[in-house]
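In what follows, a single structure is set out as structure tokens and then discussed.
The values are calculated or read from the model by the stated rules, or taken from the named source; none is laboratory data. Just so it is clear, the model here is predicted, and its values are computed rather than measured. Positions of Cβ are generated from backbone atoms using ideal geometry, with glycine treated the same way; all protein chains shown enter the neighbour counts. All accessible areas refer to the heavy atoms of the entire protein, side chains included, with ligands and DNA or RNA removed. Shrake-Rupley method; radii C 1.70, N 1.55, O 1.52, S 1.80 Å.
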Amino acid sequence: MASKKAANRRQRGAQKSCSNVFSMFEQSQIQEFKEAFGCIDQDRDGVIKKQDLKETYAQLGKLNVKDEELDEMLNEGKGPINFTVFLSLFGEKLNGTDPEDTILAAFKLFDANATGFVNKDEFRRLLMNQADKFTAEEVDQAFSVAPIDVAGNIDYKSLCYIITHGDEKEES
């Protein structure tokens, strides 16, 4: 009985984690990705493995693909590459969003006291004066979804989640 409950919880968790992935694409795009996945998954077991990639490359006329290159591709999935992971990888690439841990690491550079917050005004100044300078409108747009407390501090952990998973308010 307990194992059935655990299995149901795992299923619900898997459904929740993939729901955002599927909402990133139109139904027609998902169908195209499904067809592409089917072409790559040569043995039709629902998971892309090194042998599947080798056979796909061979069909495309490239016979001398290095194992390291294939391993690098497979490691992007951080685990077995089933269709949901495959779709997530394309979602990340197509949306140009860095992984959540990369964005968090960048924010931590501005959080000297490791509080989980950065000052909104100081961050605005940096965004508008450093590297790829933001305009005031771009900063305002970014801050419109940012969780900012009454003291004017941005909860950057929550903001990273919004950047990588979407704002739940937008989806409702």
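Take Glu100 and Ala131, extend 7 Å from each Cα along the Cα→Cβ direction, and tell me the distance between the two endpoints in nm.
So the two model labels end up 2.1 nm from each other.
If you count only protein heavy atoms with a 1.4 Å probe, what accessible area per residue comes out for segment 35-172, rounded to a whole Å²? Before the final figure, lay out the partial values.
Numbers: 9140 Å² over 138 residues.
For segment 35-172, the solvent-accessible area averages 66 Å² per residue.
Each residue of segment 63-74 in order: what ³J(HN,Hα) in whole Hz does its phi give by Karplus 6.51 cos²θ - 1.76 cosθ + 1.60, θ = phi - 60°, with x for Gly and Pro?
Along segment 63-74, the couplings run 9, 10, 7, 6, 4, 4, 5, 5, 4, 4, 4, 5 Hz.
What does the highest-first list of 151-158, 110-117, 53-60 look like by mean Cβ count within 10 Å?
Descending packing order for the listed peptides: 151-158, 53-60, 110-117.
Give me the percent of accessible area attributable to carbon and sulfur for segment 102-172, probe 1.4 angstrom.
53
Taking a ≥ b ≥ c as the square roots of the eigenvalues of the Cα gyration tensor of segment 46-87, is the shape rounded (a/c under 1.5), prolate (a/b larger than b/c) or oblate?
oblate
Please list, ordered by chain and number, the residues whose modelled amide H lies under 5 Å from the amide H of Asn153; skip anything fewer than 5 residues away on the same chain.
Lys120
Along the Cα→Cβ direction, 7 angstrom out, place labels at Leu89 and Asn113. What is the inter-label distance in nm?
For the pair Leu89/Asn113, the computed spacing is 4.3 nm.
Give Lys108/Lys157; Lys50/Lys78; Lys49/Lys78; Lys120/Lys157 a once-over and call out the pairs whose C-alpha atoms are over 18 Å from each other.
Long pairs (Cα-Cα over 18 Å): none in the table.
For segment 24-71, which whole percent of the accessible surface, found with a 1.4 angstrom probe, sits on carbon and sulfur atoms?
Values: 1680 of 3340 Å².
C and S atoms contribute 50 percent here.
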